[in-house]
1. At 222 nm, what value in deg cm²/dmol follows for the chain if DSSP H runs of at least 4 each add -39500 (n - 2.57) and the sum is divided by all its residues, to the nearest 500?
2. Can you tell me which of 30, 87, 48 moves the most in a GNM of the chain? Springs connect C-alpha atoms under 10 Å apart.
3. Need one number: nm distance between label points at residue 122 and residue 44, each 7 Å from Cα along Cα→Cβ, rounded to one decimal.
4. For the chain, what relative contact order do you get, as a whole percent, if you take Cα pairs closer than 8 Å and at least 6 residues apart?
5. If you average 1/r over every pair of different alpha-carbon atoms in the chain and take one over that average, what Kirkwood value in Å do you get?
6. Does a label point 7 Å from the Cα of residue 35, set along Cα-to-beta-carbon, have any residues of region 72-97 with amide nitrogen under 17 Å, and which are they?
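Just so it is clear, none of the values below were taken in a lab; they were calculated from the coordinates. All values derive from a computational prediction rather than experimental measurement. Cβ placement follows ideal geometry from the backbone for every residue including glycine, while neighbour counts extend to all protein chains displayed.
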Amino acid sequence: PEEIEALTESRARDIYRRLYLEQAGIDQVKHGALRAFLFDWAVHAGPKRAIRQVQFLLGVHGDGVLGPLTLDAIEQRDPHELLTAMKLRRWDMLWDQARAQIPDATWKALDKTDVRYVHGWARRLLSF
């Protein structure tokens, strides 16, 4: 609609920063690559869902809130190992989502163009 057409890039950046970095607490993640990946995940899956997945990987209570316990657990982990685990977890979620949308009988008959979204998701994950 008109509101979207009138949206400036600057205003869009402000909205993303406020909703996905500040309100979700992702701006408190110290390691830049972890922060960027979690931000991207939050934009595409919702902040609570993305944070719950990270909490699962960390073995902390999965309430979807990036509070002191979760932030401390993030800081205690090797950032490269955690980033790899986050990528794998996100890939599993994306793959499950793709599989759920395609009946098993059809899955075997897919050609390259049918899985273009899966390839795009994989490229996005590997870009981090």
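1. Details: 8 runs with 85 residues, N = 128.
Helices in the chain give a 222 nm mean residue ellipticity of -20000 deg cm²/dmol.
2. 30
3. Placing both labels 7 Å beyond Cα along the Cβ direction yields 1.4 nm.
4. With pairs under 8 Å counted, the relative contact order is 18 percent.
5. On the way: mean 1/r = 0.0618 Å⁻¹.
About 16.2 Å, per the Kirkwood formula over Cα pairs.
6. 72-77, 79-80, 83, by backbone N distance to the label point.
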